[in-house]
Amino acid sequence: MNGSILKLAIAAAVGTLISSNPIFAQKLPPAKKAEILPPAKKVARVTITRGPVLESASDYLTVIRWITTNPGGSDVHFGIVHYGTDPKDLSQRANSQIRINRGHPETMFRVRLEGLKPRTSYYYKVTSMGADGKSDGLESPVSQFTTPAPGEQILAYPQPK
C-alpha cells in the first residue's frame, strides 16, 4: 500500500513539473482579429474607449495614453502617436510596442515622446497597428498639449487617493 501511495505521489510531482516547464507550454495561435468595416460604413470594430490624454510631461519625457477595445490578432501591437507643432503637419512619429492581454476586453496604449521643446504647444493624433504592420482601423481626432517649462512637470494621470 505504501508503495502505491509513493508511486502516486511521484507521478503527481512529475506531472506538475512537466506541465509547469515552459518547454512543454503550448503556444497559443493569434486571437481573432477585430473586424474593420468598409470605408462606406466609417465604423471600426476597434474603438478608442478613453483618451487619448496627456499622462505626464517633463523637460525630457512626455507620455500619451489611450485605451481601445481589444484589437485581437497578433499578441504584439504598437501604439503610434503622430505629432508636431502645427495641427496640419503631424509628421513626427513615436511608437511603443505592447503585448495584448487576450483575457481583457480593453487594451491600454502608452507612448513616450522624447526631445520636445519646453513651453511649446504640440498637436497629436493616435493610431495603433498589429505586428504585421496592418492598422487596427482607428485614428483619434487631433488633440493638443503644451510642454512645461524646464524643471517643471505635468502629472495628469489620476493619482491614488
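Within segment 99-130, being of a type in the set (Phe, Trp, Tyr) and surrounded by 19 or more Cβ atoms within 10 Å (Cβ to Cβ) holds for Phe109, Tyr122, Tyr124. Among the residues of segment 80-98, write down those that are of a type in the set (S, T, N, Q) and surrounded by 14 or more Cβ atoms within 10 Å (Cβ to Cβ). Those that are of a type in the set (S, T, N, Q) and surrounded by 14 or more Cβ atoms within 10 Å (Cβ to Cβ): Gln92, Asn95, Ser96.
Read-outs: derived from the displayed coordinates by stated rules, not from any lab. All figures in this text were calculated on a predicted structure; none of them were measured in a lab. Reconstructed Cβ throughout: ideal geometry from the backbone, glycine too, with neighbour counts over all protein chains shown.
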